[in-house]
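Take a look at the structure below.
The values are calculated or read from the model by the stated rules, or taken from the named source; none is laboratory data. Keep in mind that this is a model prediction, so the values were computed, not measured. Ideal geometry is used to build each Cβ from the backbone, glycine not excepted, and the neighbour counts take in all protein chains shown. To get the accessible areas, we keep the full protein, side chains included, count just its heavy atoms, and leave off ligands, DNA and RNA. Shrake-Rupley method; radii C 1.70, N 1.55, O 1.52, S 1.80 Å.
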Amino acid sequence: MQVTLGWLKRYVEIEESAQEIADLLTRQGLEVSECASVRPRLEGVITARVASLEAHPSSEGLWICRLDTGGEDRSVLCGAQNLAEGDCVPLAVPGTSLPGGKLIEAVTIHGVFSEGMLCSERELELSEDHAGIMKLPADTPPGLELEKALRLEDDVLDIEVTPNRPDCLSVIGVAREIAAKKRRELRFPKISLEERLPSSGEVSSIEILAPEACPRYVARVIEDVRVGPSPFWLRRLLGLVGLRPINNIVDVTNFVMLEWGQPLHAFDLDRLAESRIVVRKARDGERITTLDGEDRKLSGEDLLICDARRPVALAGVMGGLESEIHDGTTRVLLESAYFEPRGIRRTSKRLGISTEASYRFEREIDIEGCLRAADRAAGMITSLGEGRLLAGALDVYSMPYRPGKIRMMLSRINRLLGTSLEKEEVLGHLRGLEMRVEDDAGEVFEVTPPSFRPDLRMEMDIIEEVARLYGYDEIPPDMPKAPVSVVRPDSERRAEDLARDVLVGLGFCEVVNYSFTGPDLFEPLGFSTGDIRAKPVALQNPLSEAQGFLRTTLAGSLLETTAMNLRRRNRDLRLFELGRVFLHRGDEALPEERKMLAAVMVGGRYAEGWNQPDDSVDFFDLKGALETLLDAFRIESFEWKRPEQNSYLHPGCSGGILINTTKIGCAGRLHPSVQEAFGMEEEVYFFEIGLEALASHVDHPLRYRPFARRPPVERDLALVLDETVPYSRVIDRMREHADPRVTAIELFDLYEGPPVPEGKQSMAFRITYQDPSRNLTDEEINKIQEAFLSRLLPGLGASLR
Amino acid sequence: MREQLLALKEEVSKALGSVTTEQEVDQLRTRYLGRKGSLTQILRRMKDVPEEERPVLGNLANQIKQEVAGLLDGRRAQIRDEERQRKVREERIDISLPGRRPLRGAYHPLTLVTREIIAVFQGMGFEVVEGPEIDLDFYNFEALNFPRDHPARDMQDTFYVAEDVVLRTHTSNVQIHTMKARTPPFRVLAPGTVYRCDSDTTHSPMFHQVEGFLVDRDVSFAQLKGVLAVFCQALFSPDVPLRFRPSFFPFTEPSAEVDIGCFLCRGAGCRVCSQTGWLEILGAGMIHPEVFKSVGYHRDAYTGFAFGVGIERIAMLKYGIDDIRLFFENDQRFLRQF
C-alpha cells in the first residue's frame, strides 16, 4: 500500500518529516519498506496566463502567445492547438533546464522572438500526457513557481500491510494510526451531495440472490456525466501511488478506494439491460469477458454481478468488458458493496486474478462504510462539475453488522504484557483507535471494536492493540520465572554432532543440498524397481521438473555436487552431507523421514604440496575414514560384506557395512557408468549410512580398561597363502587362535610376485606379545608362537615364508 | 717418582691442547690411565719406594689420577660441545617453505550458526526437539490458526505432496506436535529444514529455521523480550540495539518482528539494511489462544511465547554472504571459508 505524506495530511495534522512518520508507522506494525521523496526539478518553470493568442502570419499551426507572468509580459511561439485566451499554463523561461535535460533559450523562430516554452505534462515529467500544453486550475495566479503553485513536493511511503489489517489498505486507515499514536484529531473528508430527482430507485434496482456472499450492496446513480480526463491533482496523486489515471469516473472510484479502503465499481447504466443489478452465484461453466479482455470460465462458487440478462462483472474481482465506462458514457451506476471474503479469495485464486479490489475484499472491508464510500465518490464526481446525482442511494443490506463486545480486565492485560499500565492510559489508546469503551469504575471494562477492524474479536486482539499503541519498545524486558532444568540433547542430535566433528577432523567439508531431486539425479543411480528408493515422493507443484521429487538417497545430489566442483576445477574433494531422505511408507499419508550420512572422496590423498606425495585416494582411504568414524562411536563389532546390492557402486570395489548383522549402509567406488553419467573422469569413492545406527551407539558408556605396563615384544610373521584368501578370513582365524597374551596383530605388508610363487600372496603381520604381570622371555614367546602357528596354518592352507 | 707423577699431569695437559676429537681424548686416556698406561707403569715402581713415603705418594698418585681424569673428561665434554654447536650451526632449513598441511575439513556455515543458536538457548534451559519435514496441513497450518481460504496462507507459498500433505513452511509444526504430546511447562528449541516455493537471491525453496517456544503459567511478553534480548546479545554483541515491532503471524498475538541495529553501518543506513539502520532477524509473539485451543489445552490455563529465526538470514548477516544460493551450491571454495 502506497500513500503520500501530502495525502495523509488531508486527514491528520502532521508536523513530522516523512522519515519520522515512516518510523512511527513501522514501530506501530505498519512496516514502511520504502520512503521516497518526490521533488520534481522544475526550477525556472512558472505559471502564466494566456493574455492573447494570435496565429502566426505565415507558418500554419503556430501561435504567438502573449503571456501575463505576473509582472512583465512575454511572447512565446507555440505549436500546440489546445490553448485559449485566459488559460493558465506552465512556462519554462529562458535559461531553464527541463527535467528531460532540454535547455530553454530565447530564440527567434520564423521571425518571432520567443521568450521561453509552454510545456506539456510529459515535458515536465509530471505524467505521460503530451496531448497539448498542460492546463493549470483557472484560479492559478500567474508568476508563481510551478512547484509551489501545484504543491508538487511530496513523499511516497510504501507500507507493507499485514493480512490482519485491511483497514490500513486505505489512506484514512493509515492516518488513523498516526492520529491515535499522537493523540491528534482524525478529520474525515466532508461529503456534500446535491441530489436531484428522479430518485435512483425510479431508474434502477438491486436484487440479491446470494445474500450470504453479498450481505450488502449500495448503488448510486449519476446522470449527464461527461467522461474525460481527471484534473491534474487527481491524476498526479494516483500516479504517485502507482495507479494509472484512466478517466474522471474511474479515477474517482480509485481515489475513494484508496481513501476509505472500499473498492468501487462504475457501470455504464445504459449498458445494463433493464438498468438493474442482480447479484447471484455463477452457473458451472458460465462465461464472462472481464475488462482485461480475457474470457473467463466460471464455477458455481463464483459470484456474479448481472443485469437483467447476463453477467456484467465478476463480483469483487474485476468488471466485465461490456459494461465498462467509456468515453461516451453519460449515466453511471456506482457500486459499493461488501462481498464475503473467502468466496472472493477462492475465485481470485482459482482464476489467478488479483486486483486492488479482490485484495481488499478477501481481507474484509468495512461493511458499515459502503454507503459512505458511494456518497463520497458521487460527491466528488459531481463536484468535479460532471453529472447530476439522483436522489437516494440503493442500499440492500440484508445482514446488518452487529458489533461484538469484548470483556477486558486491566490486571490480565498487565500480566500478559508484563507491564503496569494505568487504566486511563489503556482506555486512551483504545479510544484513539475508535473503539467504544464502556467503563464502570472497576478494573473490568467492555470494548466494542469499530466495524472496520474485523481482526479484533477476542481479548488477546485488544491486548495487542494496547501493546502496539503503548509501544513494544517501552515494555521492560524480563526473564521467565520457571526453574530451568538442563536437558541434554537427544542421542540423534549428539550423534549428528559427533559425526560432523569426526568427519571435519578427517578433512571433509560439509555440504547442504536441496531435499529436492529429479530424474537427472536419481535415474543414473539405477535402482531396481523393487527398491524402495526407486519411487520418490513427488511434489504436486514443483518449481521445476528437476526439483519435482524428494530424495530417497543422498547419493544423487552429493554426486552432482562433486561433479560440479570437479567441473570448476576444485580438485581433491572430501565432502559429506547429513540430511533426511524420504521414503514411501505403504498407504500412509506421510512418508518415512530417515536421517542419512553420506560422504565422497575424490582426488589426492594429501593436500598438494612440495613435500607431499601425490597419491590418489582409493577404497581404503574411504574405508579408513568410515572405520575411524565408527571407532569414534566405539562401534567395534562391524563387518564388511560383499556383494553389495547397490547398483551405483562398482561391484568389485564396494561392500555393505553391518553392525551386529544389521546393515547400516554401503561404501565403495562409484560404478564407472554412474561416474560417467555424472560427467566425472576421476574415480569417486562414496559411502552412505543411516544415522540411526550411529545414534544408538552414541550413549555407549566409556569404561577405562587397564593396559599392560610390561614391555611389549614384537615378532614379525609372514604367511604365504593362496591369493584368493581374503584378509578377513586370515585375521578372523588369527584372532580366534591367538593366545590371550597376544595384544595386537597388525598387517604391515602385502606382497605378490617373486619370490612368492605364482598364485600365492604373502601377508606379513606384526604380532605384539605382552603379559600384564611379568616380562615374557624369548623362550616363552617362541612357545606361544609355535602353538599359535600350528593351530593357524593348516586351516588357512598357509605356510611361513 | 713424585716428579714423574707431576710430569705426567703436565704431559697430559699439554697433549690435550692438540687433540680435536673425542677419539683422540680416549686414546690419551688409554695411554696415560689405561691398564698399560703411563700411570700404571709409574705406580708399579711403588714397591721400590720406602714404606714410610708410600702413603704420601699413594695419595699424590690418586690425586694426580683424578686430576688427569678430570682433564680428559673436561676436554672430552668441551669437544663434544663444540661438535654439537657446529652441527647445530650446520643444520639450517628454510623455515619459510610451506608446511605439510593435512586437509582441513569445514562445517557448513548453516551448521555453525545453528550450533551457535542452540548453545545460547540451551544455556537458558531449552531442549532441542525435531519434527517432520513433510507434515499434515493440520500441523503446519490449521492448528496454527491459518484457516483455509485465508490470506494469511499467502504469506507462505507452500509445496504440496497431496491435498492435505505439505512440505512444512516453518518449524512451527513442532509446536503442535510437542504441545499435543506433553503437558507444560516446557522450553523447546526446534531447528530444521523448511520449504517454500520461492526462489531468488534472498529466497530459497529450501531453507532453515530455528523455532523456539516456552509454555507455562503466567508467561509474559516482557519475558519474551528478555529471552530474545539475551539471544541477540549473545549472537551479535552485548550492546546491540534492539527494536521490537508489532507484526502479524496467525499463531501468535501480540506478534512482533525483532530488528537489531545494523552492525555494518551502526545505524547510519547502508545497502545491507536498505538504508533503515535496522536488520530484521526474527519473528516472535505470545502463542495465540487459538493454538492452545487446537491442541486441547484449557482456555486460560497456560500462556507462552514462540519465536522463529531464519538460519540463512543470520548466516548471511554474520558472514557477509549476499546470495542465499551460495549455501546450497556447495562450491568447495565457499565451504572452505568456514
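Summary of computed values
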item: Total residues in the range B:207-227, condition outside any strand (DSSP E or B) and at the interface with another protein chain (Cβ under 8 Å from one of its Cβ atoms); result: 9
item: Residue within the range A:494-511 that is surrounded by 16 or more Cβ atoms within 10 Å (Cβ to Cβ), of a type in the set (Lys, Arg) and more than 7 Å from chain B (Cβ to nearest Cβ) present; result: yes
item: Tally, over the range B:289-316, of residues that are within 30 Å of B:ASP200 (Cβ to Cβ) and not in a helix (DSSP H, G or I); result: 5
item: Matching residues in the range B:224-245 - criterion: being in contact with a strand residue (DSSP E or B) (Cβ under 6 Å, 6 or more places away or on another chain) and of a type outside the set (A, V, I, L, M, F, W, C); result: B:PRO241, B:ARG243, B:ARG245
item: Hits in the range B:84-98 (condition: assigned to a loop (DSSP other than H, G, I, E, B) and more than 8 Å from chain A (Cβ to nearest Cβ)); result: B:GLU91, B:ARG92, B:ILE93, B:ASP94, B:ILE95, B:SER96
item: Residue in the range A:652-660 that is touching a residue at least 60 places away in the same chain (Cβ under 8 Å), within 27 Å of A:ALA563 (Cα to Cα), over 41 Å from the mean Cα position of the chain (by Cα) and away from chain B (no Cβ under 14 Å) present; result: no
item: Test: residue in the range B:247-266 that is farther than 20 Å from B:GLY192 by Cβ, over 26 Å from the mean Cα position of the chain (by Cα) and open to solvent by 40 Å² or more (accessible area, probe 1.4 Å); result: yes
item: Residue under evaluation B:LYS180, criteria (1) more than 15 Å from B:VAL309 (Cα to Cα); (2) within 13 Å of another protein chain (Cβ to nearest Cβ); (3) at pLDDT 95 or above, criterion not met; result: (2)
item: Residues of the range B:99-128 classified as more than 7 Å from chain A (Cβ to nearest Cβ) and either among the small types (Gly, Ala, Ser) or part of a helix (DSSP H, G or I) (or both), total; result: 14
item: Selection within the range A:1-27 - open to solvent by less than 10 Å² (accessible area, probe 1.4 Å), closer than 13 Å to A:GLU259 by Cβ and within 33 Å of the chain's Cα centre (by Cα); result: A:VAL3, A:THR4, A:TRP7, A:LEU8
item: Selected residue [in contact with a helix residue (DSSP H, G or I) (Cβ under 9 Å, 6 or more places away or on another chain) and open to solvent by 70 Å² or more (accessible area, probe 1.4 Å)] from A:GLU54, A:GLU43; result: A:GLU43
item: Subset of the range B:145-177 (residues that are within 8 Å of chain A (Cβ to nearest Cβ), touching a strand residue (DSSP E or B) at 6+ places or on another chain (Cβ under 8 Å) and in a strand (DSSP E or B)); result: B:TYR160, B:VAL161, B:VAL165, B:LEU167
item: Residue that is nearest to the other protein chains (Cβ to nearest Cβ), among those in the range B:191-206 that are part of a loop (DSSP other than H, G, I, E, B) and open to solvent by less than 10 Å² (accessible area, probe 1.4 Å); result: B:PRO205
item: Among (1) hydrophobic (A, V, I, L, M, F, W, C); (2) modelled with pLDDT of 90 or more; (3) surrounded by fewer than 16 Cβ atoms within 10 Å (Cβ to Cβ), the one test that A:ALA131 misses; result: (2)
item: Condition broken by A:GLY316, with the remaining ones in (1) on the phi > 0 side of the Ramachandran plot; (2) outside any loop (DSSP other than H, G, I, E, B) satisfied; result: (2)
item: Elements of type strands (runs of 3 or more DSSP E) contained in the range A:28-75, each with 1 or more residues being without any contact (Cβ under 8 Å) to a residue 40 or more places away in the chain; result: A:45-55, A:63-68
item: Selected residue [in a loop (DSSP other than H, G, I, E, B), under 29 Å from B:PRO151 (Cα atoms) and either aliphatic (A, V, I, L, M) or open to solvent by 30 Å² or more (accessible area, probe 1.4 Å) (or both)] from A:GLU185, A:GLU212; result: A:GLU212
